[in-house]
Amino acid sequence: MLTNKKFAIWFVSLAAALTLTACGGNDGDAGQEGTSNEESTTNNESSGHSGDHSGMDHSGSGEVPEGIKEAENPKYEVGSKAFITEGHMEGMEGAEATVAGAYDTTVYTVTYKPTTGGKKVENHKWVVHEEIADAGEEPFKEGDEVKINASHMDGMKGATAEIDSVQETTVYTVDFTTADGQEVKNHMWVTENELSPSE
């Protein structure tokens, strides 16, 4: 049996590991690196603004979904800096980010039950139109049932989801460092209204 001291060290280490996994992702076909265990992904319901992102991988490969269009005139150009005004994960809000990519698309918040089991993940931010199976030219509507091709979280790819909100906007992939010093590369996705100028 673990002594109380060893248990406390183990518990703190586990909590730190779960805190460091989060919200980025790679494209739906690239596989998932750095996912946490199923329990961390599914046992927490959404916090009001961002859903549960404890099972997400902050960093991505930089590959974007097929068919997504680069923004022609984004507010934040690739290579520019901006502050992140909303945190999908701990340590993200307020971080200064470098824009790695800018794309014009429709983005959705979704509620889904992970394919790995467990509780529903509610109001997950964000899934872009091009990450939904059989997406046509027209955007989906609130309440539509869709199948997710993205693998931002363990148990997300292939899950059936309900569209909670719809927004046409520019989305960005960004590089930033969290408040605790974790470097995040190609984080997907941050919407234009979740950034503010750094000057």
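The values are calculated or read from the model by the stated rules, or taken from the named source; none is laboratory data. Because the structure is a prediction, the values reported are computed rather than measured. Cβ atoms come from the backbone with ideal geometry, glycine included; neighbour counts cover every protein chain shown. Accessible surface areas use protein heavy atoms only, side chains included; no ligands, DNA or RNA. Shrake-Rupley method; radii C 1.70, N 1.55, O 1.52, S 1.80 Å.
Between a residue in the stretch 126-153 that is basic (K, R) and any residue that is part of a strand (DSSP E or B), which pairs come within a Cβ distance under 9 Å, given they are 6 or more apart or on different chains?
That search, which allows pairs on different chains as well, returns K141/I163; K141/V166; K147/I132; K147/T160; K147/A161.
Any residue at all in the stretch 87-97 that is open to solvent by less than 20 Å² (accessible area, probe 1.4 Å) and touching an Asp or Glu at 6+ places or on another chain (Cβ under 7 Å)?
The answer is yes; a qualifying residue exists.
Does the stretch 65-84 hold any residues that are touching a helix residue (DSSP H, G or I) at 6+ places or on another chain (Cβ under 8 Å) and either open to solvent by less than 60 Å² (accessible area, probe 1.4 Å) or at pLDDT below 95 (or both), and which are they?
Our first condition is that a residue be touching a helix residue (DSSP H, G or I) at 6+ places or on another chain (Cβ under 8 Å); within the stretch 65-84, this holds for 65-68, 74-76, 84.
Hits for the stretch 65-84 are P65, E66, G67, I68, P74, Y76, I84.
Mind listing whichever residues of the stretch 68-85 are in contact with a Gly (Cβ under 7 Å, 6 or more places away or on another chain) and in a loop (DSSP other than H, G, I, E, B)?
Within the stretch 68-85, just V78 meets the criteria.
So which of V190, V174, V146 is of a type outside the set (S, T, Y), within 14 Å of T109 (Cα to Cα) and within 15 Å of the chain's Cα centre (by Cα)?
It is V190.
Please work out which one of (1) open to solvent by 30 Å² or more (accessible area, probe 1.4 Å); (2) not in a strand (DSSP E or B) is the condition P114 fails and give its number.
Evaluating P114 over (1) open to solvent by 30 Å² or more (accessible area, probe 1.4 Å); (2) not in a strand (DSSP E or B) leaves (1) as the failure.
Looking only at strands (runs of 3 or more DSSP E) that fall completely inside the stretch 127-199, which ones have 3 or more residues that are surrounded by fewer than 22 Cβ atoms within 10 Å (Cβ to Cβ)?
On the way: elements: 145-147, 160-177, 183-191, 195-197.
The qualifying strands (runs of 3 or more DSSP E) are 145-147, 160-177, 183-191.
Go through (1) open to solvent by less than 10 Å² (accessible area, probe 1.4 Å); (2) assigned to a loop (DSSP other than H, G, I, E, B) and name the single condition G101 misses.
(2)
Please list, ordered by first then second residue, the pairs with beta carbon atoms under 7 Å, 6 or more apart or interchain, first in the stretch 70-96 and on the phi > 0 side of the Ramachandran plot, second part of a strand (DSSP E or B) and open to solvent by less than 30 Å² (accessible area, probe 1.4 Å).
G79/V99; G94/I84
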